[in-house]
Amino acid sequence: MEILLSKRLIKAHGTNNPTRIAAESNLMVLYEDLGENIWGYYTCIRRIPVIHVNSRLEGFAAIFALSHELAHHFLHQGINTPFLRRNTLFSVDRIEREANRFALHLMIGDTKPEIEETKGSFLKRCGIPEEFHIFY
Ligand SMILES: [Zn+2]
């Protein structure tokens, strides 16, 4: 489901850039200082969807957090989704795992593994840190 969604969005928007996908989906993204531990969260109040991303994040973490919350918008509307926290990134919660898997596949985009390339080296080439490889 979440893998299919990532493919569908990349095709529809001609990009795997979550900032562009959010903008073209009329989704507001707010960068706020959420402190040390919270990476992001999603709200939908009076039918206005907003993705909140911690402005302290950089590089992979910033893209991952935005992509993760994007998954909640498309897959988990109406469900009260938890804050994405540094210390619960590897949560076993179903919707959290779905959002993490979506984020990973969105970042991989159209990149394909080479013949005989290991999963680890492929994901590394896609810019995914090792501890996140379990979401593939
Ligand atoms: Zn989440």
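The values are calculated or read from the model by the stated rules, or taken from the named source; none is laboratory data. Remember, predicted model here, so these are calculated numbers, not experimental data. Virtual Cβ from ideal backbone geometry, glycine too; neighbours counted across all protein chains shown. Side chains included, ligands, DNA and RNA excluded: accessible areas come from the protein's heavy atoms. Shrake-Rupley method; radii C 1.70, N 1.55, O 1.52, S 1.80 Å.
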With eigenvalues of the C-alpha gyration tensor scaled by 5 and rooted, the stretch 2-135, Å:
23, 17, 14
Alpha-carbon centroid distance for the pair the stretch 74-128 / the stretch 30-45, whole angstrom:
18
By average C-beta atoms within 10 angstrom, highest first, the peptides 71-78, 55-62:
71-78, 55-62
Accessible area of the chain divided out per residue, in Å², using a probe of 1.4 angstrom:
57
Using 15 Å as the cut-off for backbone N distance, which residues of the stretch 90-112 belong to the label zone defined by a point 7 Å from the Cα of residue 3 along Cα→Cβ?
98-112
Fraction of accessible area attributable to carbon and sulfur, the chain (%, probe 1.4 Å)
53
Dipole of the chain, Cα-centred, from +1 at each Lys and Arg C-beta and -1 at each Asp and Glu C-beta, to the nearest 20 debye?
380
